[in-house]
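Readers should treat all values here as calculations from the given coordinates under stated rules, not as data from a laboratory. Small disclaimer: the values here were computed from a predicted structure and weren't measured. Ideal geometry is used to build each Cβ from the backbone, glycine not excepted, and the neighbour counts take in all protein chains shown.
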Amino acid sequence: MKLTIEELLQTEYWIIDILPRQVPADSPGQFFAVEQYYLAKDRLEEVKRKHIGLVLKLNCYRDISLDEEPLVNPSPERIADEMLRRHLCILTGDSMIMSEPDDLSMTLYHPDEELLDLIRTIAAGEGLFVWQPPA
């Protein structure tokens, strides 16, 4: 049985990010200034290319669909265009990656151990990190 997007949003999740773990609220660093630096157009485009690279490489190993469309494995160009253009739920089996065009991270919902390991490996190759927020 496939889980719906609404059901997946209620499951355990991981963050695919440019940082190796969540920044504590009391961090002495300057998280918000650094975040604004990376949100500048050229740097955000670079991060989004990494996100797209991760999803396209994942698609070499797993079927994916966009939102709840019936089409499985849309073209790489369509995947990239949609990721750059709009909020997108990328479904693979009973798991989902949520992508926003103006966000530095993506959210991975309900991965099995094999998928989580694969995404961690691909993310590392893209210069990204996968971590789970504290409960």
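Values as computed for the structure displayed
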quantity	calculated
Potential extension, GLU100-ARG43 segment - 0.36 nm per residue separation minus Cα distance	19.0 nm
Cα-based convex hull volume of region 34-76 per residue, rounded to whole Å³	91 Å³
Cβ-derived FRET efficiency at R0 41 Å, THR11 paired with GLN36, nearest 0.05	0.85
Net charge dipole size for region 17-135 [Lys, Arg +1 and Asp, Glu -1 on Cβ; Debye, nearest 20]	380 debye
Order by protection proxy (mean Cβ within 10 Å, highest first), peptides 11-17, 103-109	103-109, 11-17
Chain lengthening between GLU113 and ASP63 when straightened (0.36 nm per residue, less Cα-Cα)	16.3 nm
Relative contact order for the chain, counting Cα pairs under 8 Å that sit 6 or more residues apart, in percent	40 percent
Assigned charges on the beta-carbon of Lys, Arg, Asp, Glu; region 93-135 dipole about Cα centre (debye)	120 debye
Distance from region 97-112 to region 1-27 (C-alpha centre basis), Å	7 Å
Whole-number D in µm² s⁻¹ for region 73-135, Kirkwood Cα-pair radius fed into Stokes-Einstein, 37 °C, 0.692 mPa s	258 µm²/s
Relative exposure of HIS51, HIS110, judged by other C-beta atoms within 10 Å (fewest first)	HIS110, HIS51
Stokes-Einstein D for region 13-135, Kirkwood Rh over Cα pairs, 10 °C, 1.306 mPa s (µm²/s)	107 µm²/s
